[in-house]
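Just so it is clear, none of the values below were taken in a lab; they were calculated from the coordinates. Please read all numbers here as calculations on a predicted model, not as lab measurements. Every residue, glycine as well, gets a Cβ built from its backbone with ideal geometry; the counts of neighbours run over all protein chains shown.
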Amino acid sequence: HSCVPTNIKKFNMNINDIKSRLERVYLSVGQRFDDDISKHAKITHEPTGKGGRIIITFGDENKAEILNIIFLIVSHLAKLGDHLKRVYVSKGGKSIEIEDEIKQSEYLKLIIDLDNSEKHGPTKREGESGKHPYIDNPSRGLGPKVQDGSRSGNFLFNPLTGDYKADNVAIIVTAEIKDDKGNMICYLDELIEKALEKWEEIVKKYDLIQA
């Protein structure tokens, strides 16, 4: 017979669950990047009057696959809110405090609206952001990864051998977030990074993970 109070067991389980959820969020966010550049590179040799030229393209136009990656990330980010509220309530807090934090973040409101739109389809409801956001121009191409807060990288290609050298670059999933009038709100990378920063801020502020 265990002498550990039931509520303590439940609290510890919740903490472990949040750690697991965060790990899964980070993993899903990481799916935007593919370091295997050669898998996506397409090299075309075109003859010209003076010999020829080499055209290199990266990524592909499989929109369905790209959208699946995007909405997987959006879903993981959106669902995190309910789990954080549950843990905070188990510590004696009020879920409305977490909800107020969400309302203060335009990025989290956009994430929740995009997730609801994907699950339930377009709606006339104002949603959290009031902007009826949607994803436009999903694509995949070569770009620099963020490292230590900066975004820079190098890609060197030898047209004679086809060899290349990549430094802090990857094939990256990109998209635009627009409102129902077609106005640009932000790019996908900004949305994901800012939403994740806000969740991390909330976790730290309300001490939702204890060592």
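Worth pointing out:
- Contour excess over end-to-end distance, with Cα ends at residue 99 and residue 136 and 0.36 nm allotted per residue: 10.5 nm
- Residue with peak Gaussian network fluctuation, the chain [Cα springs, cutoff 10 Å], from 120, 40, 132: 120
- Low-density loop cleavage sites - GluC sites (Glu not before Pro) in region 19-103, where at most 15 other Cβ are within 10 Å (DSSP): 61
- Membrane-span-like helices in the chain (whole DSSP H runs, Cα extent of at least 27 Å along the helix axis, mean Kyte-Doolittle hydropathy of at least 0.5): 63-90.
- Per-residue ellipticity at 222 nm, computed for the chain from helices alone with -39500 (n - 2.57) per DSSP H run of at least four residues, works out to -15500 deg cm²/dmol.
- Taking other residues whose beta carbon is less than 10 angstrom from the beta carbon of residue 106, and scoring Lys, Arg as +1 and Asp, Glu as -1, yields +4.
- Exposed-site-free run, longest, the chain (rule: trypsin sites (Lys or Arg not before Pro); DSSP loop; at most 12 other C-beta within 10 Å): 126-180
- Legend: residue pairs 79/103; 85/204; 63/178; 124/205; 119/198, Cα-Cα distance threshold 25 Å; pairs beyond threshold, 124/205.
- Estimated FRET transfer efficiency when R0 is 35 angstrom, pair residue 36-residue 200 (beta carbons, to 0.05): 0.80
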